[in-house]
Amino acid sequence: MSRIGKKPVAVPAGVTASIDNGQLSVKGPKGTLAIKLADDVSYAVEGGNVVVQPANDTKRARAFWGMQRTLVQNLVTGVTEGFTKQLQITGVGYRANAQGKKLKLQLGYSHDVDMEIPEGLTVATPDQTTVNITGIDKQLVGQFAAEVRRWRKPEPYKGKGIKYAGEFIFRKEGKKK
């Protein structure tokens with residue numbers, strides 16, 4: 001029995017959830033999101049809640065149950081509050097600048113790294129070493145943050161690179177004479 005799956009997803013006031021053509025659509029103040037429904041899980045919108053239950057007693061249905069409930073919760077949270085990832089850049093001369101629909105990164109390469117910001121995301125750089133990525137789709141926010149981080153992962157000796165805010169970088173001791 002899934003502890004996460006058996007909790008119904010509360011739909012707050014101002015948010016509507018509907019099921020049609022094999023999709024669950026959630027519409028709120030920040031926008032509209034939808035997911036394709038899994039065959040092994042049954043969904044029901046009743047009394048201001050979305051209830052997710054396994055459709056049958058197979059192992060696959062029980063495995064999908066909690067994950068699908070979490071995906072529905074992410075839709076509701078996204079259209080009401082949104083999601084944010086903060087990246088911190090450490091290193092001499094490393095900096096970031098958001099210009100329109102491009103994110104310009106200077107990471108010690110011989111060239112600047114220009115990244116297109118995907119539709120539905122907003123990127124802000126409050127200072128040169130901080131990048132805030134905001135959007136309503138949790139997967140899209142996390143994916144873009146991972147792509148930015150991939151350009152210069154934090155290294156263990158000096159800690160230089162791009163890291164998530166709050167991420168712990170395991171530090172190593174350098175060579176000794």
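The selection criterion, being closer than 24 Å to residue 29 by Cβ, touching a Ser or Thr at 6+ places or on another chain (Cβ under 8 Å) and touching a residue at least 24 places away in the same chain (Cβ under 8 Å), holds for residue 138. When the residues of region 152-163 are filtered to those that are out of contact with any Gly (no Cβ under 8 Å at 6 or more places or on another chain) and surrounded by 15 or more Cβ atoms within 10 Å (Cβ to Cβ), the one that is nearest to residue 74 (Cα to Cα) is 163.
Out of 53, 99, one residue alone is out of contact with any Cys (no Cβ under 6 Å at 6 or more places or on another chain) and assigned by TED's automatic domain parsing to the domain that holds residue 139. It is 99.
Does region 30-37 include one or more residues that are touching a helix residue (DSSP H, G or I) at 6+ places or on another chain (Cβ under 9 Å) and basic (Lys, Arg)? Checked against the condition, which is being touching a helix residue (DSSP H, G or I) at 6+ places or on another chain (Cβ under 9 Å) and basic (Lys, Arg), region 30-37 yields at least one hit. On inspection, residue 73 does not qualify as buried (at least 20 other Cβ atoms within 10 Å of the Cβ), closer than 28 Å to residue 29 by Cβ, assigned by TED's automatic domain parsing to the domain that holds residue 13 and in contact (Cβ under 8 Å) with a residue 40 or more places away in the chain. Before we move on, is residue 86 closer than 29 Å to residue 28 by Cβ and at pLDDT 95 or above? Criteria met by residue 86.
Return a yes/no flag: does region 41-59 have any residue that is within 24 Å of residue 134 (Cβ to Cβ), in contact with a helix residue (DSSP H, G or I) (Cβ under 7 Å, 6 or more places away or on another chain), assigned to a strand (DSSP E or B) and not basic (Lys, Arg).
No - not one qualifying residue is present in region 41-59.
Is it the case that some residue within region 112-135 is closer than 30 Å to residue 53 by Cβ and either modelled with pLDDT of 95 or more or within 16 Å of the chain's Cα centre (by Cα) (or both)? Yes, region 112-135 has at least one match.
Output the residues belonging to region 119-141 that are more than 16 Å from residue 33 (Cα to Cα) and surrounded by 12 or more Cβ atoms within 10 Å (Cβ to Cβ). Before the answer, list the steps.
Just the residues of region 119-141 that are more than 16 Å from residue 33 (Cα to Cα), to begin with: 122-133.
Selection gives 122, 123, 124, 125, 128, 129, 130, 131, 132, 133.
The values are calculated or read from the model by the stated rules, or taken from the named source; none is laboratory data. The structure presented is a predicted model; accordingly, all values stated were derived computationally and were not measured. Don't worry about glycine lacking a Cβ; one is built from the backbone with ideal geometry, like all the others, and counts go over all protein chains shown.
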